[in-house]
Structures are given as structure tokens and as C-alpha cells.
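Nothing in this text is a laboratory measurement; each read-out follows from the coordinates by a stated rule. These numbers were taken from a predicted model, which means no experiment stands behind them. When we count neighbours, we look across all protein chains shown, and the Cβ atoms used for this are built from the backbone with ideal geometry, even at glycine.
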Amino acid sequence: MEPRSNRGNGGRAPRVCASARIDLGLGTTALEVDGNLGTARKHFMRAALTAVNSEDDDLLGRAVLGWNGLWVHENRGVVDALLVRTWRQRAMQRLPSSSQTAKRLAVRDAAEVDYGDGSVARVGRLLDEAQQTADVLLVAEALNLCHHCMLGPEHAERRLSIADELIALGATEGRRIDLLMGVVWRTVDLVLLGDPHADRAVSELERMASHPDHSATLYLVSALKVMQMIRSGHLDDAERAAAACFERGEEVGDADALGWYGAQLCSLRWYQGRSAELIPLISELVSSQTLASTNEAYLAALAVAAADAGELEEALIALRRLRGPSLSNLRPSSTWLVALFGAAIAAHELHDRDVAVEVRELLAPYAERPVMASLGVTCFGSAHYPLALAALTLGDTDGARLHLEAAIRHNQTLGNLPATRIAQRLLESHVASRADGRPTPVSCTRVDGQWQISLGTRDVRVPDWLGMRYLAVLLARPGVEVSAIELSGRPTDAGTPQPVLDGRAVLEYRHRMERLREEMADAADDDARLDRAQREYDALVDELARGHGLAGRARNFASADERARTSVQKALKRVLAKIRADDPVIGDIIGRHLVTGFVCCYRR
């Protein structure tokens with residue numbers, strides 16, 4: 001059967017398709033070898049137009065794949081985005097589903113849809129399918145695109161494994177572009193995590209992209225170097241470098257050039273206390289088609305800049321637009337942390353408690369992450385800082401103090417001097433102790449069969465565990481030392497030596513401990529059952545430990561004081577872990593003031 005690409009063209013198809021294949025080759029060279037995205041886009045667009053006219057669907061599919069570029073969501077203008085999507089789907093529908101081009105188009109289409117949704121479900125499934133084949137090109141593209149759809153903070157660990165797999169594939173198969181993209185993603189992952197070796201990774205990426213020059217990658221390197229200058233506090237130098245970086249991005253044809261430059265300017269002006277100056281630029285960027293569809297960070301930046309200018313009504317409108325029904329509806333993306341960072345600042349200026357509550361809930365799991373824009377092109381410092389602002393907005397000065405102290409430590413680790421200074425100033429000027437100079441007290445009461453621990457406006461519920469009863473005694477008597485014997489209710493003794501465990505008793509204990517481990521695994525959602533099993537298991541561990549010393553040598557049982565110390569300490573440790581999991585601020589404060597041992601105390 002005659003291929004569709006040769007029908008109805010009056011014999012002109014071979015010559016036309018030859019022209020398209022030349023453009024296809026030139027586009028591939030520009031994209032993969034030179035890294036010139038703009039030039040590549042022009043060649044691929046011409047090839048696609050020719051392929052449409054000649055009805056060569058495989059050629060159209062390959063041209064559209066090249067037109068899509070290295071990254072996801074590069075075609076952002078309404079007309080271009082619609083055109084490339086229409087042609088991609090046309091080629092997918094007409095080509096046999098078993099063809100390599102059709103499979104590659106399906107992966108690209110899934111990635112584009114997932115990126116817009118803030119998801120990874122579709123492209124992740126196709127990546128799993130591709131990894132079951134021997135198609136190196138398909139697997140490499142699926143890895144690259146899947147990684148780009150996973151730039152939200154919740155995917156940090158998975159991303160690194162994908163980057164490493166892409167590096168291994170590129171190294172073993174000899175495709176430089178795959179190796180380069182793998183190193184790009186691994187570098188970005190380390191930067192976004194605040195890894196101490198991220199700067200080394202940037203240097204290695206620059207070296208790899210320079211032989212020969214891959215312009216798109218070197219543009220990313222230049223943006224990362226701007227971020228490093230901002231962190232070091234050389235803000236004037238960073239601003240000049242940011243302008244040069246923007247020009248380089250425009251020359252390369254990177255769709256993110258203006259967005260990255262805007263993000264760098266926003267961080268610079270915020271560190272300088274001059275955010276209000278950027279209101280015209282940010283207002284333009286909010287509605288710009290050059291921004292990625294998932295980027296809501298500029299609405300947050302507009303709210304911050306307007307509040308800084310004293311235009312509170314405009315700030316409130318921008319914050320409401322950002323929030324919508326709830327901040328939890330923000331799509332996961334590489335700008336998600338920045339959007340919440342701006343929301344926290346604006347909420348603090350506008351005294352918006354509802355937004356502060358949402359920021360605290362959403363950001364808490366990522367408190368130890370740096371707040372960075374896109375692929376790490378600028379850094380706003382530790383996520384502890386916006387959490388501190390949320391705490392202040394809610395009147396939680398103790399929580400704010402802890403977050404600010406953590407932010408200072410984290411920013412120093414990152415080498416972010418401007419962010420460190422801002423956190424230090426806020427700690428010194430806005431977070432004060434109570435009038436009597438002491439921290440806000442932690443209180444503890446029984447509510448509906450549980451214990452409610454409160455600190456200012458914060459509270460957490462804890463089951464009626466044994467350790468919680470011990471803690472309640474200590475919290476009710478702050479500053480008073482209570483012996484572990486008294487807490488546990490154990491009778492005193494003179495520590496008379498006890499007979500060692502015989503072999504049969506040891507065997508029975510171990511069998512029982514095995515059954516208890518199974519019971520604890522089954523009772524993960526039943527606190528009462530889990531508590532009973534844990535108490536018995538701990539008691540058996542204590543008995544075995546007291547019966548045998550180093551190298552299995554028999555020994556006498558410890559005194560009642562030692563047994564009480566061990567038992568109380570373990571029980572308090574378990575309940576403190578529970579509190580920290582439910583409310584890190586309350587848990588950290590209790591942990592800092594709690595003393596355990598033969599004598600226990602909750603220090604004032």
C-alpha cells in the first residue's frame with residue numbers, strides 16, 4: 001500500500017520531503033549539539049509545515065518533537081501552543097501506535113498535559129512502559145520529560161534517581177545530549193535541595209557544556225551563578241550579571257528568559273527593601289504569556305510589592321487571586337515554594353490569619369528546604385522564614401522564635417548572607433518574650449479522654465499514653481525535680497542482686513517479642529493497642545538487657561532506680577516523638593526544656 005505521505009502530491013513529495021529532512025537535521029544539530037533553542041525551533045517549524053503539506057506523518061511527528069524542544073511547555077504563545085498540540089495529536093492519530101515516533105509523541109503529549117495539571121501520573125506510567133523496552137531514545141526522552149514534571153518539592157528524592165538513570169543511559173549509549181540533560185537535572189536537584197555539594201555540581205555542569213558549547217545549558221549555568229552571587233551578598237554585581245544573563249537567554253531563545261530575570265530582580269529588591277519599585281514590572285509579568293502556566297509566584301510577588309508600597313488594597317486583591325478558594329489548590333511546580341513564601345509575607349503585612357494557617361500547614365513538611373525559583377535561578381533563603389512569619393501572624397511568638405533561629409542556621413549553611421541578615425533582624429526586633437521575660441508557658445489538660453497540650457494559639461492532642469501521664473506531671477510542676485521512681489510509681493529497693501535469666505526464659509521472651517512486633521505492625525492505627533504492645537515489648541527488652549551484659553555474659557538485674565530511669569525515659573521519648581510529628585514547634589519547645597534521667601524536670 002502506498003504511504004499517505006506520497007499520495008495526492010503530483011510526484012512532488014520526495015523533493016519536498018528532502019527539504020523537510022534537511023530542516024529536521026539542522027534543527028536537531030541546533031537543539032542537541034549547539035543548544036540554540038530559537039534556531040532549532042525555526043528549523044523544526046519549517047520541517048513540520050512541509051510535512052503537513054506533503055502528508056508525511058512520521059516526518060511531521062519528528063519535526064513536532066523537535067519543535068517541542070528540550071524542556072516541557074516551551075511553546076507558550078496561544079497560536080504556537082495550539083498549532084504544535086494539534087499537529088502532535090494529528091501525527092499520533094495517524095501513525096501506527098507501535099512506531100517509535102508515535103510512542104515518543106505519546107510521552108511528550110502526556111508530559112505536556114501532566115505539567116499543566118501539576119501531575120506526573122500519565123508520563124510516569126509511560127516511563128514505566130518505556131523502561132521495559134530496549135528503545136534507548138524513548139527511555140531517555142521519557143526520563144527527561146518525567147523529571148521536568150516532578151519539580152515540586154514533594155518529588156525531590158525520586159527526581160535524583162531519575163537524573164542518575166539518565167546519566168547512566170547517556171554514558172553507556174554514548175548520546176551526549178542524554179548525558180548532558182542527566183547532569184543538568186542532577187545539578188538542579190542538588191541546588192533545590194540546598195545540598196552542600198551543589199556548587200561543585202554547577203562547576204562540573206559548566207565544564208561538560210563547554211566542550212563543545214551547548215548554549216542552552218550554559219545559559220542555565222549563568223543563571224545559577226547569578227543565584228550564587230545573590231547568596232553571597234554581592235547584590236550590585238548580581239544585578240549586572242542578571243541583566244547579562246537575560247540577554248544570553250534571549251539569544252538562546254529560552255522561553256523562561258524573562259521569567260528568570262524577573263525572579264532574580266524580585267529577590268534582589270526584596271533583600272534591598274525595595275520591592276515596591278517592581279510593581280510595574282511584576283504587573284506586566286503576571287499577565288505575560290512568557291510565564292509557565294503553573295507559575296503563580298508573580299501574583300505572590302505583586303502582593304508583597306504592593307504591601308511594601310503601602311497599597312494594601314492592591315496587595316489584598318493580589319493575595320486573594322493567588323489563594324483562590326484555598327492555597328492547597330496551587331498546582332505543584334518549581335515555583336510553588338516561592339508562591340507560598342510571598343503569601344506568608346503578604347499575609348503578615350495584611351494580618352490575614354486564614355492565609356497564615358494555610359501557609360503553615362502546607363510549608364511545614366518542607367521547612368528544611370531553601371525557597372528557590374524555577375531551576376534554582378535565585379534563592380529567597382530558608383523555608384523556616386515564611387513559617388516564622390506565619391507564626392507571628394497567628395500570634396505564636398515562641399514558634400516564630402524557633403523558626404527564625406532555624407532559618408538563621410539554615411541560611412548560614414546555604415551561604416545566603418542577605419537572608420541570614422533579614423532573619424536576624426526580625427528575630428531581634430519583632431519576636432519578644434513575655435513581659436516577665438519568660439517564654440510563653442506550655443499547658444496540659446484532659447479533653448475527651450486525651451491530653452491537649454497548648455502553647456499560645458497552638459495546640460496538639462495526644463493519646464492517654466503512659467509517657468503522656470509522666471509529661472503531664474512535669475508540665476504541671478515546671479522547675480520542680482521529680483524522681484523517675486516517683487513518676488513511675490515503682491517501689492524502692494536496695495538493688496539486691498537478682499538471679500539471671502535461664503535459657504528457657506530467654507527463649508520464651510524472644511518468642512513473645514516476635515509476636516509483639518507483629519502486633520505493633522498490625523496496630524499502627526490503634527493507639528491504645530499499640531501502646532499496650534509497646535509497653536510489654538519495652539519491658540521484655542529491659543529484662544533481657546538486664547539479664548545479659550556485653551558479649552552475652554550473665555549479670556545481675558539493675559536496681560529499681562535504674563529500671564525506673566530507663567522506663568520513664570523511653571516513655572517520654574516516645575510521646576515527645578508523637579508531639580513533634582503532630583506539631584514540630586510545640587515538640588521542639590518541650591524537647592528543649594525537658595530533662596530526663598534519675599531525676600526528671602520541665603525547666604522554666
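Using C-alpha pairs under 8 Å with a sequence gap of at least 6, the mean separation divided by the residue count of the range 322-391 gives a relative contact order of 35 percent. For the range 221-263, the square roots of the Cα gyration tensor eigenvalues, ordered a ≥ b ≥ c, give a/c of at least 1.5 with a/b greater than b/c, which places it in the prolate category.
Sorting the segments 371-379, 161-169 by their mean number of nearby beta carbons within 10 angstrom, highest to lowest, gives 371-379, 161-169.
Tell me, Glu204, Glu518 in order of fewest to most beta-carbon neighbours within 10 Å?
Numbers: Glu204 14, Glu518 11.
Ordered from fewest to most neighbouring Cβ atoms within 10 Å, Glu204, Glu518 come out as Glu518, Glu204.
Just to confirm a number: summing +1 for Lys and Arg and -1 for Asp and Glu over residues other than Ala81 whose beta-carbon lies under 11 angstrom from that of Ala81, what do you get? Don't jump to the answer; show the numbers that get you there.
Details: positive: Arg76, Arg85, Arg88; negative: Glu74, Asp80, Glu112.
With Lys, Arg at +1 and Asp, Glu at -1, the net is 0.
Does the range 133-210 come out rounded, prolate or oblate, given a ≥ b ≥ c as the square roots of the eigenvalues of its C-alpha gyration tensor, rounded meaning a/c under 1.5 and, failing that, prolate meaning a/b above b/c? Can you show the working numbers first?
Values: a/c = 2.48, a/b = 1.24, b/c = 1.99.
Note, shape of the range 133-210 comes out oblate.
Taking the longest Cα principal axis of the chain as reference, the axis of helix 176-193 is set at about 40 degrees. Across all directions, the shadow cast by the convex hull of the range 266-310 built on its C-alpha atoms averages 2.9 square nanometres.
Between Leu540 and Gln89, the modelled labels are 6.1 nm apart [label points 7 Å from Cα along Cα→Cβ]. Applying 1/(1 + (r/R0)^6) with r as the Cβ-Cβ distance of Asp135 and Ala171 and R0 = 25 angstrom yields a FRET efficiency of 0.90.
For Val599, the amide hydrogen comes within under 5 Å of the amide hydrogens of Ala484, counting only partners 5 or more places away or on other chains and with H modelled in the peptide plane.
Let me know the shape class of the range 170-258, please: from the alpha-carbon gyration tensor, a ≥ b ≥ c as square roots of the eigenvalues, rounded when a/c is under 1.5, otherwise prolate if a/b is greater than b/c, or oblate. The shape class here is oblate.
For the range 79-139, what relative contact order do you get, as a whole percent, if you take Cα pairs closer than 8 Å and at least 6 residues apart? Walk me through the intermediate numbers first.
Values: 31 pairs, mean separation 13.9, N = 61.
Taking the mean separation of contacting Cα pairs over the length of the range 79-139, I get 23 percent.
Taking the Cβ-Cβ separation of Ser97 and Glu204 as r and a Förster radius of 35 Å, what is the calculated FRET efficiency to the nearest 0.05? Efficiency computed from Cβ-Cβ geometry: 0.30. Against the chain, whose longest principal axis comes from its Cα atoms, helix 78-94 is set at around 90 degrees.
Can you tell me, using C-alpha contacts under 8 Å and at least 6 residues apart, the relative contact order of the chain as a whole percent? Before the final figure, lay out each step's value.
Details: 937 pairs, mean separation 52.6, N = 604.
For the chain, the relative contact order is 9 percent.
Counting 0.36 nm for each residue step from Ala581 to Asp464 and taking away their Cα separation leaves a gain of 40.5 nm.
Which value results when the Cα radius of gyration for the chain is divided by 2.2 N^0.38 Å?
Details: Rg = 30.3 Å, N = 604, 2.2 N^0.38 = 25.1 Å.
Compactness ratio reported: 1.21.
Normalised size of the range 69-139, defined as Cα radius of gyration per 2.2 N^0.38 Å with N residues, equals 1.11. Against the chain, whose longest principal axis is taken from its Cα atoms, helix 527-547 shows a tilt of about 60°.
Between the alpha-carbon centres of the range 129-168 and the range 201-236 there is a gap of 23 Å.
Among Val123, Val139, which comes first, then next, by fewest other beta-carbon atoms within 10 Å? Provide the component values of the computation, followed by the final result.
Details: Val123 29, Val139 22.
If I rank by nearby Cβ atoms, fewest first, I get Val139, Val123.
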